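Data first, discussion second: the structure below is written as structure tokens.
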Amino acid sequence: GVHSSSSAAFMKANQLYSLCSSDQAIDHSICEGYIIGINDSIFSGHLGNIFQVCYPEGISITQLRLVMVNYMETIPEKLHFVADGIVGEGLATVFQCQSN
């Protein structure tokens with residue numbers, strides 16, 4: 001449901017977790033769309049200043065969703081945070097770039 005709040009952020013990590021781990025395809029689509037949005041912010045927007053992500057070739061959005069479910073299960077203490085930072089942190093943690 002929608003809750004009125006002084007916060008400008010609409011998606012908390014626990015809400016995203018519920019969508020990503022749901023058994024409903026529509027929820028998966030919402031989750032995957034959110035991850036794609038954060039991904040694009042990392043590669044072409046402001047989040048690129050914070051997170052570096054290097055994907056293996058051929059990774060799918062379904063795999064990213066499952067990776068995020070697994071990652072969020074390891075950080076229950078952070079799931080009240082806004083989801084964008086958690087997704088960025090998760091992608092950067094799991095898909096670390098090799099330093100040259």
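The values are calculated or read from the model by the stated rules, or taken from the named source; none is laboratory data. What you are looking at is a predicted structure, and each value in this text was computed from that prediction instead of being measured. These accessible areas exclude ligands, DNA and RNA; they are computed on the full protein's heavy atoms, side chains included. Shrake-Rupley method; radii C 1.70, N 1.55, O 1.52, S 1.80 Å.
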Residue separation between Val94 and Leu66 times 0.36 nm, minus their alpha-carbon distance, gives in nm 8.9 nm
Carbon and sulfur atoms account, in whole percent of the 1.4 Å probe accessible area of the chain, for 54 percent
Taking Cα atoms only, helix 61-73 is inclined relative to the longest principal axis of the chain by an angle, in degrees rounded to 10, of 70 degrees
Region 28-87: relative contact order from alpha carbon pairs under 8 Å, six or more residues apart, as a whole percent, is 36 percent
Per-residue ellipticity at 222 nm attributable to helices in the chain (runs of n ≥ 4 DSSP H, -39500 (n - 2.57) apiece, nearest 500 deg cm²/dmol) works out to -17000 deg cm²/dmol
The set of residues whose placed amide H lies less than 5 Å from the amide H of Lys12, leaving out same-chain residues fewer than 5 positions away, is Ala83
Quick note, region 37-93: a/c under 1.5 would make it rounded; otherwise a/b > b/c is prolate and the rest oblate (a ≥ b ≥ c, C-alpha gyration tensor); here it is oblate
Computed ³J(HN,Hα) along region 28-34: with the Karplus parameters 6.51/-1.76/1.60, θ = phi - 60°, integer Hz and x for glycine or proline, the list is 4, 5, 5, 4, 5, x, 5
Scoring the chain by relative contact order with C-alpha pairs under 8 Å, at least six apart, yields a percentage of 38 percent
Note: Gln15 to His46 extended length (0.36 nm per residue) minus current alpha-carbon separation gives 8.8 nm
Labelled set [x] 18, 15, 13; [y] 22, 16, 13; [z] 24, 15, 11; semi-axes √(5λ) of the Cα gyration tensor in Å computed from this model equals the value at [y]
